[in-house]
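Worksheet for the structure shown next.
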Amino acid sequence: MGATDQSVALRNQVLGALEAGTALKICGGESKHFLGRTTDGQALSVAEHRGIVDYDPRELVLTARAGTRLAELEETLAQAGQMLAFEPPHFGERATLGGTLACGLSGPRRPYRGAARDAVLGCRLINGHGEVLRFGGQVMKNVAGYDVSRLMVGAYGTLGLLLEISVRVWPRPTHSLTLVRECGPSEAIERMCGLSVQPLPVDGACFHEGHCYVRVSGAKTAVQDAHRRLDGEVLHDGGAFWEALREHRLPFFAGHEPLYRIVVKPHTPPLAIAGDWLLDWGGAQRWLASTVPVAAIRHCVSQVGGHVTRWRADGSEADVFEPLTPALARIHRRLKDCFDPRHVFNPGRTYPGL
Amino acid sequence: MPNALKPHPEPTPAQRKLLKALARLLPPACLLTDPEDLRPFECDGLSVYRRLPLAVVLPETVEQVQAIMRLAHRMRVPVVARGAGTGLSGGALPAADGILLSLAKFTRILRIDPPNALASVEPGVRNVAISEAAAAHGLYYAPDPSSQIACTIGGNVAENAGGAHCLKYGLTVHNVLGLKVVTGEGELVSIGAGTLDSPGYDLLALMAGSEGMLAVIVEVTVRLLPKPERAQVALAAFDDIAKAGEAVGALIAGGMVPAALEMMDTLAVQAAEDFVRAGYPKDAAAILLCEVDGGNAEVSHAIMAVREVLLRSGASRVRTAVDEAERQLFWKGRKSAFPAVGRIAPDYYCMDGTIPRRELPRVLREISALSARYGLPVANVFHAGDGNLHPLILFDANKPGELARCEALGREILALCVAAGGTITGEHGVGMEKIDSMCIQFQSGELRQFHAVKAAFDPAGLLNPGKAVPTLHRCAEFGAMHVHRGELPHPELDRF
């Protein structure tokens, strides 16, 4: 796929929208449009602004334009024996790097090798004044100025239009093994939390339909050693399982009931909310398919210090993301105003007024 | 360089009113106003910048911090927060006529939560104390700045502190999962809750490295990691520093993520060896220390692979530590490098640039040329794994003009790092020290955006004012002195 630099055209569109007083709805590969609240702006497509700008495997850093397809980028990395450590969900073959980071989603490896935001080292963006700005850089350690690059991750495009992002990449483990054991949810939580406080190369742990799945990855000796220490049956084609989990292609995700993403501390006991549960991230990210009203779910989860995202629409007008405390909401509004004073970028995509 | 050690003038009526109000908020032992008592707070680890605050407050409760902030906000008085004062960029330099807010009394470890691998602590807890408290559970806190026995976690968050193990385990920002902060208006705000993510914008990322400009940290929740079963280190000698640089690239390209990968040049090696007898080869042009950690079998395997790559990259000799004592000794040499260099010159000035690793040989050559031009020796200590350079400029502050020459050399080294695609500071922060160099790294648009971010948290601009982000006017003045490749920086500004 040809690389093209559309930054001038994109900036002109932003300037045009600012002049006309219209809002923009940022689109990458449109693979994650189902997430968040709806925003009615004029579509601004970043999909043609693509291409890997710089990649030197010895630096463990890759810089690419926001519209670069995730699949293309991961293939390039794989050829050099590297990967994005946060194992991003794609949710469609057209998924882009910019959209992935704007949504801030991370896959099963997140608790063990860091989140999407942890991988970001720098970015170029257009702010709501139509200025092209560069933050961070291509180096691991950089404390000059506020960490605006990581602030963009999970902001759903409401603070600016990402043009180019530098991410830190990791060597791809040469060996990987998945062990499965039958157990109940409480036992699975104990097991998964017990694993993350032992020096084992665990990089995935999930509970699904009465089974606890544990993935260990690394050098051959490390994986063999872990296999000796852990019980459970070897799952053949473990890679396919983790991919199906990451991409929400397991039958669990196929239902039509409202789906919730619940984030709690991993050792939180099973929550007493009726519905089907799937636990990922070693117990820290839990998926719930349930018809229980969202207010009741939020109440229950807030009691254990967690937060709830309405993942799959149920037609209600409730907040998609966990409501913010008044103090945090005030800081959020001020931040939105300081990056995007005319509210041109994805207004309301995360919260009303942002 | 501001060295405002003037005797403190009589307080103005407004200042007297402020001191009285502070005395009402705090027990007598928590408020210092006598110049002799203020003296220990006049500087942080970068002692060339000194300034006395109007008062030092040492609150004991979050409510007291809030009351102090509300008072300061009402009276429009600047507040500078301070941890252990080990910072190396003047970030905790007091504001003239301001309040210096010490978090030294916030020393409680609130919770160690082994099943969730979390620790919640007050900001004045020392970095190493967290690992000590977690050790009983086989856990530790990974970021380990070399000042870890003294520096505190609140300061670590404010500076986004690093250390030798960042390549594998990340910086402070990667290891903090929750903060409680007090805003400039005195409001207590919780950011993150110990969960792996939180709703809304990633304010934890913004707070990490914000140098006390956005809010005052009063509680920190960090992630703990299982202690690796074993660590092993290889010491490699090179007769050419460029070969050492290439070996670093070869290790990474070979799919290894060392727990630590450190480089030292001849001057640093000799100083360290003379100081602690670590067993370093004094005739080497450079040495590399490469540590791997993990399970027993994994480490045995990895250290052999490391050895092979080092030899293939042209190392003249590779030794692995024969036992844990020797491993500690190899590290003692590296950790003593700064004081060791301190023994061979009256003063030294530590720089903190980061560059892409591939630029290492060229940048080191240019630093060497600059060193010759300025007539000041430079010893290089380098977190090679993550590209973070610590050139130590040797000088004598008692020789007239030498400090100024040293600072000018330092700025040139930072400009070199920026030109190589790097940054002016990897882990020490901008503070007061590198504020002019920010004008080289950023354009006006970015600087304006930084000021706007600060204003979003601290609209009155009272938290650590004048640090970390230069005003556009300051950059215009600085630009008049520093014209890079004939390009006038910040050309849109009026000159004066």
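Tabulated results
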| read-out | value |
| --- | --- |
| Set A:Ala71, A:Ala64, A:Ala47, A:Ala43: member being under 16 Å from the mean Cα position of the chain (by Cα) and either more than 14 Å from chain B (Cβ to nearest Cβ) or free of Cβ contacts under 8 Å to residues at least 60 places away in the same chain (or both) | A:Ala71 |
| Number of positions in region B:445-470 that are within 14 Å of chain A (Cβ to nearest Cβ) and either in a helix (DSSP H, G or I) or surrounded by fewer than 20 Cβ atoms within 10 Å (Cβ to Cβ) (or both) | 16 |
| Number of positions in region A:126-147 that are more than 7 Å from every other protein chain (Cβ to nearest Cβ) and surrounded by 24 or more Cβ atoms within 10 Å (Cβ to Cβ) | 0 |
| Every residue from region A:245-272 that is within 21 Å of B:Gly194 (Cβ to Cβ) and buried (at least 16 other Cβ atoms within 10 Å of the Cβ) | A:Tyr260, A:Arg261, A:Ile262, A:Val263, A:Val264, A:Lys265, A:Pro266, A:His267, A:Thr268, A:Leu271 |
| Test for A:Ala115: is it among the hydrophobic types (A, V, I, L, M, F, W, C), within 24 Å of A:Pro199 (Cα to Cα) and without any contact (Cβ under 8 Å) to a residue 40 or more places away in the chain | yes |
| All positions within region B:263-311 that are away from every other protein chain (no Cβ under 14 Å) and in contact with a Gly (Cβ under 6 Å, 6 or more places away or on another chain) | B:Ala272, B:Val276, B:Ala278, B:Tyr280 |
| Meets criteria (under 22 Å from the mean Cα position of the chain (by Cα) and facing another protein chain (nearest Cβ under 10 Å)) for B:Gly426 | yes |
| Region B:429-444, subset within 7 Å of chain A (Cβ to nearest Cβ) and outside any loop (DSSP other than H, G, I, E, B), residue nearest to the chain's Cα centre (by Cα) | B:Met438 |
| The listed residue being closer than 17 Å to A:Ile26 by Cβ, assigned to a loop (DSSP other than H, G, I, E, B), touching a residue at least 24 places away in the same chain (Cβ under 8 Å) and in contact with a strand residue (DSSP E or B) (Cβ under 7 Å, 6 or more places away or on another chain), out of A:Gly157, A:Gly130 | A:Gly157 |
| Residues located in region A:101-125, provided they are touching a Ser or Thr at 6+ places or on another chain (Cβ under 8 Å) and more than 7 Å from every other protein chain (Cβ to nearest Cβ) | A:Tyr112, A:Ala116, A:Val120, A:Leu121, A:Gly122, A:Cys123, A:Arg124 |
| Pick from region A:296-319, criterion part of a loop (DSSP other than H, G, I, E, B) and at pLDDT below 95, ranking: nearest to the other protein chains (Cβ to nearest Cβ) | A:Asp319 |
| Residue in region A:77-93 that is assigned to a loop (DSSP other than H, G, I, E, B), more than 10 Å from chain B (Cβ to nearest Cβ) and in contact with a Cys (Cβ under 8 Å, 6 or more places away or on another chain) present | no |
| Residue within region B:228-237 that is of a type in the set (A, V, I, L, M, F, W, C), within 21 Å of B:Ser131 (Cβ to Cβ) and within 14 Å of chain A (Cβ to nearest Cβ) present | yes |
| Residue check for B:His490: modelled with pLDDT under 95, touching a Cys at 6+ places or on another chain (Cβ under 8 Å) and farther than 27 Å from B:Ile191 by Cα | yes |
| Where a residue in region A:220-240 is surrounded by 18 or more Cβ atoms within 10 Å (Cβ to Cβ) and its partner, wherever it lies, is of a type in the set (S, T, N, Q), with Cβ under 6 Å and at least six apart | A:Leu235/A:Thr178; A:Gly238/A:Thr178 |
| Residue check, A:Pro326 farther than 24 Å from A:His208 by Cα and more than 9 Å from chain B (Cβ to nearest Cβ) | yes |
| Elements of type helices (runs of 4 or more DSSP H) in region B:1-83, at least 1 residues being buried (at least 21 other Cβ atoms within 10 Å of the Cβ) | B:13-25, B:62-75 |
| Single condition B:Arg334 does not satisfy, out of (1) assigned by TED's automatic domain parsing to the domain that holds B:Ala247; (2) in contact with a Lys or Arg (Cβ under 7 Å, 6 or more places away or on another chain) | (2) |
| Near pairs, Cβ below 8 angstrom, 6+ apart or cross-chain, from region A:292-306 (buried (at least 17 other Cβ atoms within 10 Å of the Cβ)) to any residue that is among the small types (Gly, Ala, Ser) | A:Val294/A:Ser316; A:Val294/A:Ala318; A:Ile297/A:Ser290; A:Gly306/B:Ala193 |
| Only one of A:Pro266, A:Pro258, A:Pro352 that is under 22 Å from the mean Cα position of the chain (by Cα) and not assigned by TED's automatic domain parsing to the domain that holds A:Gly210 | A:Pro352 |
| Scan of region A:282-293 for residues that are touching a Phe, Trp or Tyr at 6+ places or on another chain (Cβ under 9 Å) and within 14 Å of chain B (Cβ to nearest Cβ), ordered by number | A:Gly282, A:Gly283, A:Arg286 |
| Some residue of region B:92-114 being farther than 17 Å from B:Leu38 by Cβ, within 14 Å of another protein chain (Cβ to nearest Cβ), assigned to a helix (DSSP H, G or I) and not hydrophobic (A, V, I, L, M, F, W, C) | yes |
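The values are calculated or read from the model by the stated rules, or taken from the named source; none is laboratory data. Please read all numbers here as calculations on a predicted model, not as lab measurements. Virtual Cβ from ideal backbone geometry, glycine too; neighbours counted across all protein chains shown.
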